[in-house]
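The values are calculated or read from the model by the stated rules, or taken from the named source; none is laboratory data. In this text, all values refer to a predicted model and were calculated from it rather than measured experimentally. Cβ placement follows ideal geometry from the backbone for every residue including glycine, while neighbour counts extend to all protein chains displayed.
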Amino acid sequence: MNRLPDPSRAAAAARRADRLVYLRSHPLLFGLLSATRGRPVVRLGRTVLVHGPDEYRQVLTRVPLDRTAAGTTGGAAAELTDGGLLFDQEGEEHRTARRGLADQLGRRGVERLRPLWQDVLDRELTGIDQGIDLLPVVRRLAGATAAALTGSTADPDLLARAAARAAADAAGDHLPRLLPRRDRAADSARALTDLLPDPLDAMLVVAAVNTTVAALPRAAAWCARARLWDRVSPELAAELLRLTAPSPILPRVAAADATVADCPIRRGDRLVLVARHAAEAHRDTPADRVRASHAVFGAGPHACPGAHLARVQLTDLLTALAPHHPTVTHAVPDPHAALPGYARLTLRTGKPAPRQAP
């Protein structure tokens with residue numbers, strides 16, 4: 001008699017497979033973070049690793065940060081835009097810019113955008129019975145969304161690929177790698193901004209595309225391997241984003257002296273905020289699941305305004321896939337992407353569709 005699969009074994013297999021994606025993307029960095037995660041804050045020279053959930057939130061809400069320092073997300077954005085930057089303002093002007101984007105990516109804005117990616121899913125998932133590579137599907141979904149947000153008339157796939165190259169080349173300048181990389185950041189940034197009506201939107205496109213292309217396939221793969229298709233819901237989508245932590249670190253620079261967990265932080269120190277550990281992505285049952293789920297998207301004034309968009313897009317993707325109960329038949333991690341993700345992920349229907357009545 002055949003035995004039912006052990007759910008705990010399926011979940012463990014999903015976690016092991018997703019961990020390989022991290023290790024293939026930036027082995028030196030994630031090896032170091034794994035080895036030091038037992039301490040909430042660790043100083044290595046002028047670099048401070050922040051792992052603890054409370055300490056992570058404290059840095060984002062109470063420690064002054066230099067938004068445009070070299071080696072940070074803001075610094076990479078400034079390079080993309082020749083010194084200009086969305087949100088590169090002070091005081092009320094900064095808050096106004098964030099409120100404007102929050103409106104675009106809030107509930108009403110997302111409902112306006114939603115038909116775009118639902119149309120992509122309706123068209124692109126039709127071949128799943130024979131097997132489909134999910135990466136091109138998600139690229140088109142992300143590119144169509146970014147084009148609508150910025151008013152770009154570029155082909156969605158072309159726009160998404162340009163954003164991926166720009167992010168990968170920028171990350172290559174700031175993250176440790178086994179082999180040196182040739183500096184291509186300027187060329188890839190120019191290729192991206194040429195596709196946009198306003199070059200200042202480059203960072204918005206980079207963030208929207210790369211987090212989507214990293215997050216959605218990994219979450220779908222986890223769902224398939226852990227056999228969760230009968231549990232698809234907005235709550236499952238939020239939990240999968242916590243477990244996969246698509247933007248695992250937030251590189252920042254301290255703009256003033258501070259103390260976090262008895263560790264002195266000096267102005268100019270490089271801060272590596274480990275969102276993956278703050279969200280307790282390495283645990284199946286975090287101490288506070290709601291707070292951990294929010295940690296994936298930052299905190300306070302540095303929270304990602306696209307959190308609602310990400311959750312809705314993932315929910316819609318999983319909902320479209322769920323009737324097919326797809327399984328992963330081929331998966332290749334991408335060692336060159338800015339964020340841990342797949343270069344190829346083939347899904348195929350795992351449960352026969354019900355027979356139609358004559």
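Of the candidates Arg252, Arg276, the single residue that is of a type in the set (D, E, K, R), surrounded by 15 or more Cβ atoms within 10 Å (Cβ to Cβ) and assigned to a helix (DSSP H, G or I) is Arg276. Any residue at all in the stretch 279-286 that's part of a helix (DSSP H, G or I), out of contact with any strand residue (DSSP E or B) (no Cβ under 9 Å at 6 or more places or on another chain), over 26 Å from Gly45 (Cα atoms) and not aromatic (Phe, Trp, Tyr)? Within the stretch 279-286, none of the residues are part of a helix (DSSP H, G or I), out of contact with any strand residue (DSSP E or B) (no Cβ under 9 Å at 6 or more places or on another chain), over 26 Å from Gly45 (Cα atoms) and not aromatic (Phe, Trp, Tyr). Restricting the stretch 79-107 to residues that are exposed (fewer than 14 other Cβ atoms within 10 Å of the Cβ) and under 22 Å from the mean Cα position of the chain (by Cα) leaves a set whose member that is modelled with the lowest pLDDT is Arg99. Taken over the stretch 218-246, the criterion of being assigned to a loop (DSSP other than H, G, I, E, B) and in contact with a helix residue (DSSP H, G or I) (Cβ under 6 Å, 6 or more places away or on another chain) is satisfied by Ala226, Arg227, Val232, Ala245, Pro246. Test Pro301 against the stated conditions and say whether it is within 20 Å of the chain's Cα centre (by Cα) and surrounded by fewer than 19 Cβ atoms within 10 Å (Cβ to Cβ). Yes, satisfied. Would you please name the residue that is modelled with the lowest pLDDT, looking only at residues in the stretch 204-227 that are under 22 Å from Cys304 (Cα atoms) and in contact with a Ser or Thr (Cβ under 7 Å, 6 or more places away or on another chain)? Top of the filtered list is Leu204. If only residues of the stretch 177-200 that are modelled with pLDDT of 90 or more and assigned to a helix (DSSP H, G or I) are counted, the one that is surrounded by the fewest Cβ atoms within 10 Å (Cβ to Cβ) is Ala191. Among the residues of the stretch 17-34, the ones that are within 20 Å of Pro251 (Cα to Cα), small (Gly, Ala, Ser) and either at pLDDT 85 or above or surrounded by fewer than 14 Cβ atoms within 10 Å (Cβ to Cβ) (or both) come to 2 in all.
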